[in-house]
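**Q** Quick one: the structure is below, and I'll ask about it shortly.
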Amino acid sequence: MNEVIVALLPWLPLMLKGFALNLWIGVLAMLLACLAGVCLGTLQRARSRVLRLGARGLTQLLRNAPWLVVMFFVMHLLPYEWHLAGTVISLPAWLKAVFALALPAAGNASEIVRGALQSIPRTQWEAATALGYGPVAQLRHVILPQALRLMVPPALGLYCVVTMSSALASLLGVGELLSASREILAATARTDLLLPVYGLVLALFFFYIFPLSLLARSLERRLAYR
């Protein structure tokens, strides 16, 4: 056991650096998903039938798409370089991973927003109309502030899923935690390190995700008693 610990200690900074990239990818993907989810979720309640059905269809497509398939789709769809007006804009693999994770997460975020908006009593919508607010102002000043507290627990749970799924970025060659682990195993060529290395990967994700999942559950219970 001591030999395993001694062998892993020099590689610990590399693993932590990879895990930090996992967290960065998860945060950015969740931010994009929330922005897209708010737009799609509100459009699902639009007065226009075309907008409503379009947003609903796109939401169902995104939320029911396998995350791994979306990752491969984005990997082959997006180029690594964009040539615009003689300027070369690089698109690193980790940014591709952000887009790939944000797409299915946006579908789930859309449903979170739609459900939260639907739970707001009709009287609140009528009161916002009576105050002279237009549809956008109603959402911004009256409805969304009330719905926000209902969105936080499921959104926190979704963030946990997105962060765990960031390990799929290794398929794009991103140097995150799982890729770092494979590099370590290849460099050391020691089969006895296989379980300890992946066990450490599991532990890092667990000790980051588990408190967040407990917080999400606590917030859900707190809202249920109100």
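**Q** If you find the alpha carbon centre of the stretch 123-197 and of the stretch 32-110, how far apart are they in angstrom?
**A** So the separation of the two Cα centres works out to 14 Å.
**Q** Of the candidates Leu28, Leu117, Leu215, which one comes out as most mobile in a Gaussian network treatment of the chain with C-alpha springs shorter than 10 Å?
**A** Leu215
**Q** Could I have the simple spin-label model distance between Ala20 and Trp82, label points 7 Å from Cα toward Cβ, reported in nm to one decimal?
**A** 2.7 nm
**Q** I need the phi-derived Karplus couplings for the stretch 134-141: 6.51 cos²θ - 1.76 cosθ + 1.60, θ = phi - 60°, integer Hz, Gly and Pro marked x.
**A** Per residue, the Karplus-derived 3J(HN,Hα) values read x, x, 5, 5, 4, 5, 5, 9 Hz.
**Q** Can you tell me the accessible area per residue over the stretch 96-226, all protein chains present, probe 1.4 angstrom, in square angstrom? Before the final figure, lay out the partial values.
**A** On the way: 6750 Å² over 131 residues.
It amounts to 52 Å² per residue over the stretch 96-226.
**Q** Could the peptides 76-84, 149-157, 36-44 be put in order, highest first, of the mean number of other beta-carbon atoms found within 10 Å of their residues? All intermediate terms of the calculation are to be shown ahead of the outcome.
**A** Values: 76-84: 10.0, 149-157: 18.4, 36-44: 21.6.
By packing density, highest mean first, the sequence is 36-44, 149-157, 76-84.
**Q** To continue, here is another question. With the crude spin-label approximation of a point 7 Å out along Cα→Cβ, what separation in nm comes out for Leu53 versus Leu95?
**A** 3.8 nm
**Q** Helix 67-77 versus the longest principal axis of the chain: what is the Cα-based angle in degrees, 0 to 90, to the nearest 10?
**A** So the helix axis and the longest Cα principal axis differ by about 80 degrees.
**Q** Another one. When Lys and Arg each count +1 and Asp and Glu each count -1, what net charge do the other residues less than 13 Å away from Val70, Cβ to Cβ, add up to? Write out the running numbers ahead of the final one.
**A** Working: positive: Arg63, Lys96; negative: none.
Local net charge: +2.
**Q** I've got another one for you. Consider a paramagnetic label point 7 Å from the Cα of Arg182 along Cα→Cβ; state which residues of the stretch 200-220 have an amide N under 18 Å from it.
**A** 200-202
**Q** Could I ask something else about it? Please give the peptides 163-176, 200-213 ranked by average Cβ packing (other Cβ atoms within 10 Å per residue), highest first, as a rough proxy for protection. Spell out each step's value before the answer.
**A** Details: 163-176: 20.9, 200-213: 14.1.
The peptides rank, most packed first, as 163-176, 200-213.
**Q** Along the charge dipole of the chain, Cβ charges K/R +1 and D/E -1, which of Leu131, Pro66, Ser110 sits furthest on the positive end?
**A** So the residue we want is Leu131.
**Q** How large a share of the accessible area of the chain, in percent, is made up of carbon and sulfur atoms when the probe is 1.4 Å and the other protein chains stay in place?
**A** Values: 8960 of 12940 Å².
Summing carbon and sulfur atoms, their accessible area is 69 percent of the total for the chain.
**Q** I've got another one for you. Given a 10 angstrom Cα cut-off, can you work out which residue in Val162, Val142, Val88 is the most mobile in a GNM of the chain?
**A** Val88
**Q** Arrange the peptides 90-101, 55-66 so that the one whose residues have, on average, the most other Cβ atoms within 10 Å appears first.
**A** Details: 90-101: 19.9, 55-66: 15.9.
The most tightly packed comes first, giving 90-101, 55-66.
**Q** Which angle from 0 to 90°, rounded to the nearest 10, does the C-alpha axis of helix 49-63 make with the longest principal axis of the chain?
**A** Once rounded, one gets 20 degrees.
**Q** So what J values fall out for the stretch 183-191 if you push phi through Karplus, 6.51 cos²θ - 1.76 cosθ + 1.60 with θ = phi - 60°, rounded to Hz, Gly and Pro as x?
**A** Karplus-based 3J(HN,Hα) across the stretch 183-191 equals 4, 5, 5, 6, 6, 7, 6, 10, 5 Hz.
**Q** On to the next question. What dipole magnitude, in Debye to the nearest 20, does the chain give about its Cα centre under +1 on Lys/Arg Cβ and -1 on Asp/Glu Cβ?
**A** Values: 18 positive and 8 negative charges, 235 e Å.
It works out to roughly 1120 debye.
The values are calculated or read from the model by the stated rules, or taken from the named source; none is laboratory data. The shown structure was predicted, so the numbers you read here are calculated from the model rather than taken from an experiment. Cβ sites come from the backbone with ideal geometry, for glycine too, and all protein chains shown count toward neighbours. Heads up: the accessible areas ignore ligands, DNA and RNA and are worked out on the full protein's heavy atoms, side chains in. Shrake-Rupley method; radii C 1.70, N 1.55, O 1.52, S 1.80 Å.
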